[in-house]
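To start, the structure itself, in structure tokens.
The values are calculated or read from the model by the stated rules, or taken from the named source; none is laboratory data. Everything numeric here is computed off the predicted structure, so don't read it as measured data. Cβ placement follows ideal geometry from the backbone for every residue including glycine, while neighbour counts extend to all protein chains displayed. The accessibility values were calculated without ligands, DNA or RNA, using every heavy atom of the protein model including side chains. Shrake-Rupley method; radii C 1.70, N 1.55, O 1.52, S 1.80 Å.
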Amino acid sequence: QSVLTQPPSVSAAPGQTVTISCSGSTSNIGNNYVFWYQQRLPGTAPKLLIYDNNNRPSGIPDRFSGSKSGTSATLGITGLQTGDEADYYCGTWDTSLSSHIFGTGTKVTVL
Amino acid sequence: QVQLQQSGPGLVKPSETLSLTCAVSGSSISSNYYWGWIRQPPGKGLEWIGSIFQSGTTYHNPSLERRVTISIDTTQNQFSLKMSSLTAADTAVYFCARHRWFGYDSLSRNWFDPWGQGTLVNVSS
């Protein structure tokens, strides 16, 4: 059972904005950097979307953004497109567990 | 461009040992990176299994540590996973990935990019 909690699903119409929360604690998000991944289909290779809380790798559109405050992090997607339908996971290091951990995952549906 | 190509059996019997290999191209595995394994049970989320540095230093998920061995072969530019005493609960898609890791006790920067294509491992008799 993951210690990073995400909403199971979020949805919005094309062009709208969605936000995905990732809630943790001082042993993980509170003291370490957060990363976000997109997995288009279950069982396929995830892709890095956001690194170091709020930075985008080369090739990731600026419609994707990340932020962190205290023990929570947020992924935002603006101008939602059908191609954004996917599962999204947050990830970070947990100092108490001495383990890398992932969030529970959020399915984004474009209505 | 770094690419990771996984190989290994898709069906393993209960109590036996899983063996997977990840061949790296476009980068020397002796570079200053870690190399990791992550798995995803059907319909569930991602779980880190463990990672290895080019020196052979390994780190494991404490919940799996007793059953996991990760090794590196710099001559073949590949790394491998062995997981013993398998049960049906180990049925999952297994991914390899380059693991960027800076810091341990605080302000740790820890991410996986890129990933291998994934291998579905079914534990069944």
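Annotations
- Its relative contact order, with pairs defined as Cα atoms under 8 Å and 6+ residues apart, puts chain A at 38 percent.
- Choice from B:GLY56, B:GLY103, B:GLY26 with maximal GNM fluctuation in chain B (Cα, 10 Å cutoff): B:GLY103
- Number of Lys pairs (Cα under 26 Å; 8 or more positions apart or on different chains) in the protein assembly as shown: 10
- For segment B:17-125, trypsin sites (Lys or Arg not before Pro) are listed when DSSP marks them as loop and at most 15 other Cβ atoms sit within 10 Å of their Cβ; the list is B:LYS44.
- Dipole of segment B:8-67 [Lys/Arg +1, Asp/Glu -1 at C-beta], most positive-end residue of B:ALA23, B:THR58, B:PRO9: B:PRO9
- Working note: Cα atoms of segment B:1-105, range along each principal axis, descending, whole Å: 36, 33, 24.
- Sites counted here are trypsin sites (Lys or Arg not before Pro) in a DSSP loop (not H, G, I, E or B) having no more than 14 other Cβ atoms within 10 Å; the longest part of chain A that contains none of them is A:64-111.
- The charge dipole of segment B:18-125, taken about the Cα centre with unit charges on the Cβ atoms of Lys, Arg (+1) and Asp, Glu (-1), comes to about 60 debye, rounded to the nearest 20.
- What the Kirkwood sum gives for segment A:28-111 is a hydrodynamic radius of 13.2 Å, with every pair of different alpha carbons counted.
- Loop-located chymotrypsin sites (Phe, Trp or Tyr not before Pro) across segment B:84-117 with a Cβ neighbour count of 16 or fewer within 10 Å are B:TYR104, with loop assigned by DSSP.
- Sequence-separation-based contact order of segment B:1-46, relative, with Cα cut under 8 Å and 6+ spacing, percent: 36
- The alpha carbon centroids of segment A:1-61 and segment A:73-96 are separated by 2 Å.
- The Cα trace of segment B:26-86 gives Rg and Dmax of 12.4, 37 Å, the first to one decimal, the second as a whole number.
- Segment B:39-116, relative contact order [Cα under 8 Å, separation at least 6], %: 24
- Estimated at the nearest 10 Å², the accessible area of A:LEU41 is 110 Å² with a 1.4 Å probe.
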